[in-house]
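Scroll down for the structure; my scribbles are underneath it.
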Amino acid sequence: MPLLKIYTYPEKVLSQKAEKIQNIDGALQSLIDNMIHTMYEAPGIGLAANQVGVLKRIFVVDISSKEQSYPLLVLLNPEIVFCDNPEDSEEGCLSLPGCTVKVKRPMDIVVRGVDREGKPTEITASGLLSRAIQHEMDHLDGIVLFDRVSSIKREFLRKRYLKKMNQKD
Ligand SMILES: [Zn+2]
């Protein structure tokens, strides 16, 4: 199964809004399989289609760790219908290697969407799962972690990140 290229900031696709999925076809199923494979190989706990250069509203999440396993979540056209209990925590992102950003997000959410078979699904999530889902949904709206902080902090984080990325090349 091919590993997909993970796009990193500041590549344009990460700041673009993904489009609603109308057709669930074979090409989409392959994309989903490849996204799952790429997420596990990275390794990461979530991956949105924008991160592999595809502007479609789909993400995959699996917050399993060595200590505990959770089900893999594949969600298309997600929408948050309830949120509560905001909390600050550090987040990382496969598209921002070597960088963590403190973000405040509601820790209890209900999200609706459709699964990979096209069946309507509603998920109640809390804690890390809630955070991971919202992080991936941000990607679908063209939002990266840097957009979630004040403009002063954003400039600082952005400059530090770009400097580090340039040193790597
Ligand atoms: Zn991310």
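Laboratory data are not the source of any read-out in this text; all were calculated from the coordinates shown. Here the structure is a predicted model, which means the values were calculated and not measured. Quick reminder, even Gly has a Cβ in these numbers, built from the backbone with ideal geometry, and neighbours come from all protein chains shown.
Any residue at all in segment 144-163 that is at positive phi and not basic (Lys, Arg)?
no
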Enumeration of residues in segment 73-93 that are under 26 Å from Lys153 (Cβ atoms) and within 16 Å of the ligand (Cβ to nearest atom): Ser89, Glu90, Glu91, Gly92, Cys93
If you take the residues of segment 94-138 that are in contact with a helix residue (DSSP H, G or I) (Cβ under 6 Å, 6 or more places away or on another chain) and within 13 Å of Arg148 (Cα to Cα), which of them is farthest from the ligand (Cβ to nearest atom)? Arg105
